[in-house]
Structures are given as C-alpha cells and as structure tokens.
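Each value in this text was obtained by applying a stated rule to the coordinates, not by laboratory testing. Computed from a predicted structure; not experimentally measured. As a convention, Cβ positions derive from the backbone with ideal geometry for all residues, glycine included, and neighbour counts pool all protein chains shown.
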Amino acid sequence: MKEIEREKLYDLIIVGGGPCGLSASVYAGRSGIRTLMLEEYACGGQILNTFEIKNYPGFENISGPELASKMANQAEALNVEIKYEKAIDFDFSQDIKVIKTQNGKYFAKTVILSLGASPRKLGLEREKELTGKGVSYCAICDGGFFKGKRVAVVGGGNSAIEDLPYLTNLASKSYLINRSKRYRAQNILLEKALRLKEHGKVEFFEDTVVVKLLGDKKLEGVVMKNVLTGKEQELLIDGLFIEIGRIPNTDSLKGKVDLDEYGYIVTDQNLMTSVKGVFAGGDVIQKSLRQIVTAGSDGAICATNAQNFLNQNYKK
C-alpha cells in the first residue's frame, strides 16, 4: 500500500452525517479508534429541515439544526475527523474497503453506511422545472418565501402534518392534500392539525391527489383529482410542499451490498450488511420505524459492532 494510502487508512469510515452517523461517531470517538465521517452537505441530515423536535429524549422542544449542532460538536470533541465530501463509489471486494469521493480515495478496515434518504417526488410534468419556483420538499428551508401567500402541503405522514403549524403561521391560507381519509401521522400531531382546521386556518382535501402543476415561470396553482369520484378542480396557490415519503440514497451501493426490492440495505441483527466489516443504519436499512431516536440507536449498534469486528480481525 502506498504511503499516501496509509495516511488515508482509517479504522472506521462513516458515510453520512445524519443522526445515525453522528451517533456512530460519538461511540467510535469514545472507543479511541481512528474515525472519519464523510458528509456531503452539513451534519444533521433530514433533521436540519425540522422546525420542532418534541419526541427526542432529554429535550422537551428543540429545533433540528440545534440538535444537529450539538451532535456534531460532541463528535468533533472526541477527535472524529469530519470531511464534507460526497461518497460517489465504493469497493468492498477486499478486506480494506475503498471509498471514492470527488476529492480522492479513502481506505477503511470497517465502514458504516448511513446515507439517509431523499424526498419522494410526485412524478408530475414540470415538477423539476418548478422546484425552487413554488415547489418545495422542505418547509423550514423555503417557508419564509411564502409569507402572506397561499400554500398547500401534500401528504398524510408525520412530516406533512408537522409542516402545517409552521406554514400556517406564515401563509395567508394553508391547505392539506391527502390521498385518503387515513393519516399515518402520530395522533398528537394530527390533533394539532385538526385544531387548526377547526379554527379555519387550514382547509383539508381528503381522498385527493395532485395531478397537474399550473404556472409557467413559477407555480401558480395545481389541479387536484378526487380519487373516489374522479372529479378535478383547480387550487390557486403560490407554494406546494411535497411530503410523501423518502427514498433511500442507495443507488451508488447497487451491486456492492445486498438491497431489498425497495432499495433498502439488508442487514443482520448486528446491522452488518452482506459484506463483512460493512455496517448500515438509519433511513437506508429495512426497519419499521424511522425516527431520530432509532437512527441514533442504529449508530450506537453499528459503531459498537464495528469495534468488535476490529478487535477480532485486526488485533494489534
């Protein structure tokens, strides 16, 4: 191995700086193993887009960016090296794993994959062209552009329902568009949204989907369709916030580790993938609950088992 490669050889490389990656960093840092975390944008992942967090133990109410900052600071204080580079390719064919970024290659004895997930699109014509021009997938990022304007949220899960109170405080009129009368959101969140509806601050469109985006240079409205009757109607809005789920960021891992039919990484009970020494956690793995606290748990499990793997296979 060349000398420059030795300088880039780590006991553990964590790919992704969301709650799972940050939790893994803390556990790895405390264990004293040489650890690098690669993060494309900023530490925190999806929680950076969360206005309020009220279900993370120890904090009755904290913003996503504040929690992410606390986690990152804790990892850095434990001498975890953080580089803001995107991992674009992986080679897990040898004992020493190779991770390629836009800046070069890094080498690791063990790896934790915590690449997170990306917003699911509606798949409508001109959706891409109107993104950033009225179409958004992040209320906390873009909500401020719609003060005093009309906005709609698409979805019925936690993220969609959490967006409503925040956007309602900014917009002149808010709407919720859900494809059924059933909601996947937690009851405590849904109850708050229903109170907004009762006070006339939010109008609900149930059994309804968005089938067309209106507007040329910017979004001017949408065409909605009732899935039961087939009736269509136009809704004039300035902003559309799409919260219909996430897709795991695993395209670069196809053929590298086993994935299920939906693109999620398959792991064993120790969160090891189909490749020895490569672990995965957070929103990229098969699991029934994707929350900050479960991502943090995954990170702790991954880091602990990565250290065990090092002890068993790389004894000094």
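Listed values for the stretch 287-300 are Karplus-derived 3J(HN,Hα) couplings in whole Hz (6.51 cos²θ - 1.76 cosθ + 1.60, θ = phi - 60°), namely 6, 8, 9, 10, 9, 4, 5, 6, 5, x, 4, 4, x, 5, and x replaces Gly and Pro.
Residue by residue, the stretch 109-122 carries 3J(HN,Hα) couplings of 6, 9, 9, 10, 9, 9, 7, x, 9, 10, x, 7, 8, 6 Hz when phi is fed to the Karplus relation 6.51 cos²θ - 1.76 cosθ + 1.60 (θ = phi - 60°); x denotes Gly or Pro. Computed about its Cα centre, the charge dipole of the stretch 121-242 is approximately 60 debye, with only Lys, Arg, Asp and Glu carrying charge at their Cβ. Annotation for the stretch 212-316: chymotrypsin sites (Phe, Trp or Tyr not before Pro) lying in DSSP loop with at most 11 further Cβ atoms inside 10 Å of their Cβ are Tyr262. If R0 equals 51 Å, the separation of the Cβ atoms of Lys105 and Glu125 corresponds to a calculated FRET efficiency of about 0.80. For Arg246, nonlocal amide neighbours, meaning residues 5 or more places apart or on other chains whose placed amide H falls under 5 Å from its own, are Arg120. Take the alpha-carbon centre of the stretch 157-201, take the same for the stretch 29-43, and report the distance between them in whole Å. One Cα centre to the other: 37 Å.
Measuring r between the beta carbons of Arg195 and Arg150 and using R0 = 25 Å, the FRET efficiency lands at 0.75. Listed values for the stretch 228-241 are Karplus-derived 3J(HN,Hα) couplings in whole Hz (6.51 cos²θ - 1.76 cosθ + 1.60, θ = phi - 60°), namely 8, 9, x, 6, 10, 8, 8, 10, 7, 9, 9, x, 10, 9, and x replaces Gly and Pro. In the structure shown, the pairs Lys121/Lys256; Lys192/Lys218; Lys86/Lys133; Lys54/Lys276 are assessed against 29 Å; a Cα-Cα span above that value is assigned to Lys192/Lys218; Lys54/Lys276. Legend: ranking of residues Met37, Met224 from fewest to most surrounding C-beta atoms inside 10 Å; resulting order Met224, Met37. Cysteines in the chain lacking any other cysteine Cβ under 4.7 Å from their own Cβ: Cys20, Cys43, Cys302.
When the alpha-carbon atoms of the stretch 260-316 are used, the pair Rg, Dmax equals 12.0, 40 angstrom. Taking amide H positions as modeled 1.01 Å from N, with prolines and chain starts lacking one, the residues under 5 Å from Val153 and 5 or more places away or on another chain are Tyr175, Leu176, Ile177, Phe241.
Looking at the chain, the pairs of alpha carbons with a distance over 26 Å make up 50% of the total. Treating each Cα of the stretch 11-116 as an identical point scatterer and summing with the Debye formula, the log10 of I(q)/I(0) at q = 0.17 Å⁻¹ comes to -0.75.
When every Cα-Cα distance of the stretch 70-203 is counted in 10 angstrom steps from zero, the calculated P(r) takes the values 10, 28, 23, 21, 15, 3, 0 percent. Every helix of 4 or more DSSP H residues in the chain counts as -39500 (n - 2.57), and over all residues that averages to -8000 deg cm²/dmol at 222 nm. Quick check: from the Cα gyration tensor, does the stretch 161-310 come out rounded (a/c under 1.5), prolate or oblate? Prolate, because a/c is 1.5 or more and a/b exceeds b/c.
Taking all Cα pairs closer than 8 Å and separated by 6 or more residues, the relative contact order of the chain comes to 21 percent. Residues Val209, Val293, Val154, ranked from the fewest to the most other C-beta atoms within 10 Å, line up as Val293, Val209, Val154. Taking trypsin sites (Lys or Arg not before Pro) across the stretch 64-118, the ones in a DSSP loop with at most 15 further Cβ atoms lying within 10 angstrom of their Cβ are Lys86.
In plain terms, the residue of Ile247, Ile237, Ile82 with the fewest other Cβ atoms within 10 Å comes first and the most crowded comes last, giving Ile247, Ile82, Ile237. Amide hydrogen proximity for Ala171: with H placed 1.01 Å from N in the peptide plane, the residues at 5 or more positions away or on another chain lying under 5 Å are Gly148. For the stretch 1-72, chymotrypsin sites (Phe, Trp or Tyr not before Pro) are listed when DSSP marks them as loop and at most 10 other Cβ atoms sit within 10 Å of their Cβ; the list is Tyr41.
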